[in-house]
Amino acid sequence: IAENATQLVVRHFFYDWDSEVASSLQIERVGGDSERAPRPQEDPRAVVARQLVALGDFVVANLEFFLQFSRPESPNSFLPPLDGTAMGGAAENRPVIGSWQLGPDEALLLEVTPPVGLYWSFSLGNPWWETIDYARHQSSLNGHQAVVDDDGMLSAVIAHDDPGIANWLD
């Protein structure tokens, strides 16, 4: 681990939200010196200046990323599966991003053969990949929640109003 590393990110994927329990995590230092040499004091103005430059670089990089990958140029279409390995994504994680335009009386029907894997899901989000308000909307379905048809196909419906069938995303 790099000496300046300060964060560990753990992402939990739950299939059965009612019964699965989040892992219990703790960090324990094993081996190595218990004392680090004191860091030299930097001029606080230089620290703030460096952080502002880093913030600007972060904003530019995020805008470039989302403008490139956020959604297809034409509505009602999909981008090819995204290979995120160059930016640290898992090789087996290949999100497919789609975009659509629906009027109040229209619906989008998705019909797919569910993928084989440990976890899969459909999630609705905005152009910045933020999940739609899941507390008040059915904005995602995973392999545990989704109802698969007798023929092995999964039919999901995206619509403003509940059509009264399984796998509705609003």
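Examine segment 49-58 for a residue that is surrounded by 11 or more Cβ atoms within 10 Å (Cβ to Cβ) and at pLDDT below 90, and state whether such a residue exists. No: segment 49-58 contains no residue that is surrounded by 11 or more Cβ atoms within 10 Å (Cβ to Cβ) and at pLDDT below 90. Name the residues in segment 4-48 that are surrounded by 10 or more Cβ atoms within 10 Å (Cβ to Cβ), at pLDDT 90 or above and either under 24 Å from MET87 (Cβ atoms) or of a type outside the set (A, V, I, L, M, F, W, C) (or both), would you? Passing the criteria: none in range. Scanning segment 120-137 for residues that are part of a loop (DSSP other than H, G, I, E, B) and surrounded by 15 or more Cβ atoms within 10 Å (Cβ to Cβ) gives TRP120, LEU124, ILE132.
Determine whether PRO104 is touching a His at 6+ places or on another chain (Cβ under 9 Å) and of a type outside the set (A, V, I, L, M). For PRO104, the condition - touching a His at 6+ places or on another chain (Cβ under 9 Å) and of a type outside the set (A, V, I, L, M) - is met. So for segment 46-62 (the condition being among the basic types (Lys, Arg), out of contact with any His (no Cβ under 9 Å at 6 or more places or on another chain) and in contact (Cβ under 8 Å) with a residue 24 or more places away in the chain), does at least one residue qualify? Checking segment 46-62: not a single residue is among the basic types (Lys, Arg), out of contact with any His (no Cβ under 9 Å at 6 or more places or on another chain) and in contact (Cβ under 8 Å) with a residue 24 or more places away in the chain.
Given the condition within 30 Å of VAL10 (Cα to Cα), outside any loop (DSSP other than H, G, I, E, B), of a type in the set (Ser, Thr, Tyr) and open to solvent by less than 60 Å² (accessible area, probe 1.4 Å), answer yes or no: does some residue in segment 63-81 qualify?
no
Criterion applied to ALA86, ALA146, ALA159 was being surrounded by 11 or more Cβ atoms within 10 Å (Cβ to Cβ), small (Gly, Ala, Ser) and over 17 Å from PHE13 (Cα atoms), and the one residue passing it is ALA159. Against the condition surrounded by 14 or more Cβ atoms within 10 Å (Cβ to Cβ) and touching a residue at least 40 places away in the same chain (Cβ under 8 Å), how does LEU108 come out, does it pass? It is true that LEU108 is surrounded by 14 or more Cβ atoms within 10 Å (Cβ to Cβ) and touching a residue at least 40 places away in the same chain (Cβ under 8 Å).
As a summary of the residue check, ARG39 satisfies the conditions (1) over 32 Å from the mean Cα position of the chain (by Cα); (2) assigned to a helix (DSSP H, G or I) except for the one numbered (2).
The values are calculated or read from the model by the stated rules, or taken from the named source; none is laboratory data. Given the structure is predicted, the values throughout are model-derived calculations rather than measurements. Cβ: placed from backbone, ideal geometry, glycine included. Neighbour counts: every protein chain shown. Heads up: the accessible areas ignore ligands, DNA and RNA and are worked out on the full protein's heavy atoms, side chains in. Shrake-Rupley method; radii C 1.70, N 1.55, O 1.52, S 1.80 Å.
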